[in-house]
Amino acid sequence: MTNTKQKRYGNWLRSGVSLCIMGSLSTGCASLQNVENREQVVEGLSYQAEYRSPSRSDGGWKQSARNQNLRRCEGSGAPQAQQPAPALPQDAMLLSTGDLLTISVGNDPTFSGSYEVSQDGTVRLPHLPPISAKGSSVEAIERQIAKALVSEDIYTAAPPVSVRLQDFAAARVYVSGAVFNAGSINIGGQSANDRDSLRQEASGGTIEERRLSRALQVAGGIRPDADLSRVRVIRGGASTSIDARGAMTGVPFNDMLLLSGDRIEVESRGCFQEALVAPSPVTTPGVKVFMSNLTQPASANALSAVGKDARELRYGTRFLEAIVGMNCLGGTKWVNADRTAALISRNPITGESLVIERKVEELLRHRDRDDFNPYMMPGDALACYDSKQTNLIEVAKGFTAVTGAFTAAVTGWGD
């Protein structure tokens, strides 16, 4: 190839890439459409009113996102008032399947020993019919055993019977409704390493891991639309309604002991309640989110800053705090101020997915507006995009690499 042709091809390549670079200053080499929300967020019909589009004029912000959400609550639009704490009954030590008992019948070694509540909810002693134990107290079982010993003509008079709870077993319960991970769960129970032998040898027993609050937390925690004033616990054919709002405010509530087979139903109020987005005995302590960071992170920081601590956020963390943790904010203003961040979330009531895109600097300056700065929900995803200036630098690097390779190739043709 002649030197004239080499120069012609080189000039043609440089001109084309230069035009693309100039175009990227305004619209980029590729035309990208703005992200559209699938939910009707402008009308406040999304799960969070915080997802509303920020394109309104200042006069459009007079109605707060909080009130806009609460208008959709069942009944009154105002938050439900906290009722006085009820007088709670003393916890009954009710037994469930798998619980370990130590039974003593006088000095009779035939009946004395360790027994486990079987799968059908009974305790089986030698020479006696099955003793119903599930849902019963140890005192009730003592009476049943004494009565059975007499009715089976083993004793003429009721002997002294002692039943001692040795160890609580795990209980399988079923949680449905306004929780993040509905389904069957196991609560309570301890591994061999966690057991306290001194406590097991003592009379009586207790376990906090088999209570209502623990079941709600293991089920992913209540959602912000949950109605905590009427959590239902269904046991057999009976249903108990529990006002668990005290769990969010430190007020005592009926945190009842659960048995294997219990069902917990949490109704939805149909609205987002900001007061429920905080760590508590009935909410998730943290949320795990998915993150995609910049292609060009800050040179003086970690290469990505997306590690375990960034992905696992405290419940109640907002959009802005999350993108700070993923290294999407800061650096050289001229280069980095034009970054954008996208939040990919899902409405847990309808299952509808949505994508919210915000300018990072605009989000920073409107951090006090819930409309700009929503809460992070479990399973959300975050993406941080480089600014146009960074894109231009990348295009320039590519231009240098391409022209260098082309020049080398053209020179090779000439040889």
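The values are calculated or read from the model by the stated rules, or taken from the named source; none is laboratory data. Note that the structure is a prediction, hence the values are computed from the model and not measured. Here the Cβ positions follow ideal geometry from the backbone for every residue, glycine too, while neighbour counts run over all protein chains shown. Note: accessible area is taken over every heavy atom of the protein model, side chains too, but ligands, DNA and RNA are not part of it. Shrake-Rupley method; radii C 1.70, N 1.55, O 1.52, S 1.80 Å.
What the table shows:
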item: Selection from the range 109-119 of residues that are part of a loop (DSSP other than H, G, I, E, B) and within 18 Å of L165 (Cα to Cα); result: F111, S112, V117, S118, Q119
item: Matching residues, the range 167-180, being touching a Ser or Thr at 6+ places or on another chain (Cβ under 9 Å) and over 16 Å from S96 (Cα atoms); result: V175, G177, A178, F180
item: Residue that is most open to solvent (accessible area, probe 1.4 Å), among those in the range 222-248 that are touching a helix residue (DSSP H, G or I) at 6+ places or on another chain (Cβ under 9 Å) and not hydrophobic (A, V, I, L, M, F, W, C); result: S241
item: Residue check for D309: within 22 Å of the chain's Cα centre (by Cα), of a type outside the set (S, T, N, Q) and modelled with pLDDT under 60; result: yes
item: Residues satisfying the stated conditions in the range 132-143, i.e. part of a helix (DSSP H, G or I) and open to solvent by 60 Å² or more (accessible area, probe 1.4 Å); result: E139, R143
item: Close pairs (7 angstrom Cβ cut-off, 6 or more residues apart or separate chains): farther than 16 Å from T102 by Cβ in the range 118-141, open to solvent by 30 Å² or more (accessible area, probe 1.4 Å) and of a type in the set (D, E) anywhere; result: H127/E152; L128/E152
item: Strands (runs of 3 or more DSSP E) fully within the range 149-205 counting 1 or more residues that are at pLDDT 90 or above, loosely packed, with under 14 Cβ neighbours inside 10 Å and of a type in the set (K, R); result: none
item: Qualifying residue in the range 317-331 (condition: open to solvent by 50 Å² or more (accessible area, probe 1.4 Å), farther than 22 Å from V179 by Cβ and either touching a strand residue (DSSP E or B) at 6+ places or on another chain (Cβ under 6 Å) or modelled with pLDDT under 80 (or both)); result: yes
item: Single condition S114 does not satisfy, out of (1) small (G, A, S); (2) open to solvent by 70 Å² or more (accessible area, probe 1.4 Å); (3) free of Cβ contacts under 8 Å to residues at least 24 places away in the same chain; result: (3)
item: Those strands (runs of 3 or more DSSP E) lying entirely in the range 221-269 with at least 3 residues small (G, A, S) and more than 23 Å from the chain's Cα centre (by Cα); result: 238-242
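Quick grid of which residues meet (1) open to solvent by less than 40 Å² (accessible area, probe 1.4 Å); (2) modelled with pLDDT under 80:
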site: R367; (1), (2): no, yes
site: D370; (1), (2): yes, yes
site: M376; (1), (2): yes, no
site: D380; (1), (2): yes, no
site: F399; (1), (2): no, yes
site: F406; (1), (2): no, yes
site: V410; (1), (2): yes, yes
site: W413; (1), (2): no, yes
